[in-house]
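> One structure is given below, represented as structure tokens, and several questions about it will come after.
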Amino acid sequence: MSSHRSLAPAPVTRAKDPGRVLIFDTTLRDGEQSPGASLNLEEKLVIAQQLARLKVDIIEAGFPFASEGDFAAVQRIAEVVGQEDGPVICGLSRASKGDIQACARAIAPAAHNRIHTFIATSDIHLKHKLHKTRREVLEIVPEMVAYASSLCGDVEFSCEDAARSDPEFLYEVIEAAIAAGATTINIPDTVGYTTPDEFAQLIRDIDANVPNIHQAVISVHGHNDLGLVVANFLGALRSGARQLECTVNGIGERAGNAALEELVMAMHVRRQLFNPILGRPEESEEPLTAINTEEIYRTSRLVSNLTGMLVQPNKAIVGANAFAHESGIHQDGVLKNRTTYEIMDARTIGLKHNRISLGKLSGRNAFRSRLEELGYTLNPEDLNQAFQRFKELADRKRDITDLDLQTIVSGQAQQVNATYTLKLVQVSCGTNLCPTATVTLEDSQGGQRTTSAIGTGPVHAVCRAIDQLVKVPNELVEFSVQAVTEGIDALGVVTIRLRQGELLCSGYAADTDVVVASAQAFVGAINRLLVLSENPSIHPQHATVPASPSDQKAMVGSSPKGSY
Ligand code: KIV
Ligand code: ZN
């Protein structure tokens, strides 16, 4: 018998109801927009592959118009991850022909693709950002949505800052977008301003007041400025939303986006509460989303490592303490019966699946097949490199776990096309010694240079030596060390964040020697700083849309006919 009080209104039935909750992952677009989280193409691809294993429905792979690098990354993800049985690959575009064309071309290789186009609808944004009247926006929306629909059958339209927009104006804009071909309507709380009841009411009002709303899936998107975004989304579900836009670990601008793992596990743990919303019997065991929850933990670690956005220990679901029962009284209760203090089993998110895979004597075949079981198929060159790293690690660490393997593979992605590679690092330090480091770096032409430096500690000395070699101005704003697994011989993951003026970027590396990991992470961050300073990207929400076709970027290709 259920102890749950149903809070479901009558299930919303609509022509476009997918019958479950769609998970739209925007880690690679909105998540990557957060300062310092930028990723290179290889890293984006590794994350996209993991998102496919996690079984998200839609991957928003980037904003193709932003730069050639962003375009190439979306295109590559579309080619590799956009398989027939894979997720929909989506690209973001402002409501401009140039953006939409770039997006259509980038996502074209995917078997299932989507153009996501947006324009702001709040008076604040109209006045201060777009400098447009409501009437002008109402003309742009159907024209651009129709244009996107002529290039792609699956079009999502977002009313940026919807939560602060006049609802009457929203209804008009949404109706026009659907009439022009939008198949998903996204309602963003761009500034994280709304509250659960208010947002649920807004979705209910949209459902009631937009005459053609049944032809589209209602989606929600939001930011966590007041810490309410997950609660807002769960309320929106009850009002008819069927797509949730979220990021792994909730990364994103300012306080971040809705955390995928929190939404999915709330729906999983409390499914009896949510089942009736989808018209299912309360006791139904059918999952509410397509997510393979056992991949949650690994995905979280991967995204944290590659973006350098650390997960706070008390973070729901994936934080280091989320399943730790520290106090004696809790431990006693859990030992007697797990459900006394635990509402979910750590295995559900794949936490206890971190099994010991391999050891010193494991050969290349065992290594390759375990990687394949984990979902990594490497080309021969990458496999060789990874195997070498594995052997080095196995010499120093007795048991190699799945998380160690994932760390080895993901670490390689950072080094692709790097300007500098660390060839040697040696330090001398200890009591009564002045910490001194000697570092050798190789540049992309194969030239090697060595220097030595002293510092207040070994890591400081290493960073100073690297600074002397690369001569890239930077300020170190964050340095952290975390262990991948338990045990004294664990791999240490070092995350370093550097700032250069407006630019912020991170580097990460893992090694049993944290000084070596620090040197690698510092070099990784320098490499990224060089890429970012040479290839500036456009921010989709902050940059103004080009005013004339001649302002459109050359990379977009065939002549754009107009833009806004
Ligand atoms: O926060 C926001 O409004 C967005 C849109 C581009 C969907 O990210
Ligand atoms: Zn956003």
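The values are calculated or read from the model by the stated rules, or taken from the named source; none is laboratory data. All figures in this text were calculated on a predicted structure; none of them were measured in a lab. Cβ coordinates were reconstructed from backbone atoms using ideal geometry, including for glycine residues, and neighbour counts include every protein chain displayed. The accessibility values were calculated without ligands, DNA or RNA, using every heavy atom of the protein model including side chains. Shrake-Rupley method; radii C 1.70, N 1.55, O 1.52, S 1.80 Å.
> Can you pull out the residues in segment 439-491 that are open to solvent by 60 Å² or more (accessible area, probe 1.4 Å) and part of a loop (DSSP other than H, G, I, E, B)?
Selection gives Ser444, Gln445, Thr456, Lys471, Pro473, Glu486, Ile488.
> Considering (1) open to solvent by 10 Å² or more (accessible area, probe 1.4 Å); (2) within 16 Å of ligand 1 (Cβ to nearest atom), say which one Asp166 fails and leave the rest.
Every listed condition holds for Asp166 apart from (2).
> Which residue out of Leu244, Leu237 is more than 16 Å from ligand 1 (Cβ to nearest atom) and crowded, with 24+ Cβ neighbours inside 10 Å? Step through it out loud before you land on a result.
On the way: Leu244 fails: more than 16 Å from ligand 1 (Cβ to nearest atom).
On inspection, the qualifying residue turns out to be Leu237.
> Across segment 428-438, what is the total count of residues that are open to solvent by 50 Å² or more (accessible area, probe 1.4 Å) and closer than 16 Å to Ala521 by Cα?
The initial filter retains those residues of segment 428-438 that are open to solvent by 50 Å² or more (accessible area, probe 1.4 Å), namely 428-429, 431-434.
Among the residues that remain, those that are also closer than 16 Å to Ala521 by Cα are: none.
Residues in segment 428-438 being open to solvent by 50 Å² or more (accessible area, probe 1.4 Å) and closer than 16 Å to Ala521 by Cα: 0 in total.
> Something else: Which of the residues belonging to segment 120-140 are among the basic types (Lys, Arg) and either touching a residue at least 40 places away in the same chain (Cβ under 8 Å) or surrounded by 14 or more Cβ atoms within 10 Å (Cβ to Cβ) (or both)?
To start, the set of residues in segment 120-140 that are among the basic types (Lys, Arg) comprises 127, 129, 132, 134-135.
If the condition is that a residue be among the basic types (Lys, Arg) and either touching a residue at least 40 places away in the same chain (Cβ under 8 Å) or surrounded by 14 or more Cβ atoms within 10 Å (Cβ to Cβ) (or both), then Lys129, Lys132, Arg134 are the ones that fit.
> Among all residue pairs at least 6 apart or on different chains, which show Cβ distances below 6 Å where the first residue, located in segment 158-176, is within 15 Å of Arg204 (Cα to Cα) and the second is open to solvent by 20 Å² or more (accessible area, probe 1.4 Å) and within 16 Å of ligand 2 (Cβ to nearest atom)?
If the second residue must be open to solvent by 20 Å² or more (accessible area, probe 1.4 Å) and within 16 Å of ligand 2 (Cβ to nearest atom), the pairs left are Ala163/Tyr193.
> So is Ala255 surrounded by fewer than 22 Cβ atoms within 10 Å (Cβ to Cβ) and either out of contact with any Cys (no Cβ under 6 Å at 6 or more places or on another chain) or not assigned by TED's automatic domain parsing to the domain that holds Leu51 (or both) or not?
Working: surrounded by fewer than 22 Cβ atoms within 10 Å (Cβ to Cβ): yes; either out of contact with any Cys (no Cβ under 6 Å at 6 or more places or on another chain) or not assigned by TED's automatic domain parsing to the domain that holds Leu51 (or both): yes.
The answer is yes for Ala255.
> With the structure loaded, tell me whether Arg204 is under 22 Å from the mean Cα position of the chain (by Cα) and away from ligand 1 (no atom under 16 Å from the Cβ) or whether it fails that test.
On the way: under 22 Å from the mean Cα position of the chain (by Cα): no; away from ligand 1 (no atom under 16 Å from the Cβ): yes.
The answer is no for Arg204.
> Output the residues belonging to segment 386-409 that are buried (at least 18 other Cβ atoms within 10 Å of the Cβ), under 11 Å from Asp511 (Cα atoms) and touching a residue at least 40 places away in the same chain (Cβ under 8 Å).
Selection gives Leu393, Lys397, Asp404, Thr407, Ile408.
> Please work out if Ile47 is in contact with a Cys (Cβ under 9 Å, 6 or more places away or on another chain) and either modelled with pLDDT of 95 or more or in a loop (DSSP other than H, G, I, E, B) (or both).
On the way: in contact with a Cys (Cβ under 9 Å, 6 or more places away or on another chain): no; either modelled with pLDDT of 95 or more or in a loop (DSSP other than H, G, I, E, B) (or both): yes.
Considered against the rule, which asks whether it is in contact with a Cys (Cβ under 9 Å, 6 or more places away or on another chain) and either modelled with pLDDT of 95 or more or in a loop (DSSP other than H, G, I, E, B) (or both), Ile47 comes out as no.
> Further question on the same structure: Only one residue in Arg53, Arg94, Arg114 is in contact with a Gly (Cβ under 9 Å, 6 or more places away or on another chain) and under 29 Å from Phe169 (Cβ atoms). Which one? Walk me through it before giving the result.
Details: Arg53 fails: under 29 Å from Phe169 (Cβ atoms); Arg94 fails: in contact with a Gly (Cβ under 9 Å, 6 or more places away or on another chain).
The unique qualifying residue is Arg114.
> Of all residues in segment 214-234, how many are crowded, with 23+ Cβ neighbours inside 10 Å and closer than 15 Å to Tyr171 by Cα?
Total meeting the criteria: 3.
> Residue check, Ala543 against (1) open to solvent by 20 Å² or more (accessible area, probe 1.4 Å); (2) at pLDDT 90 or above, all met but one. Which one?
The single condition Ala543 does not satisfy is (2).
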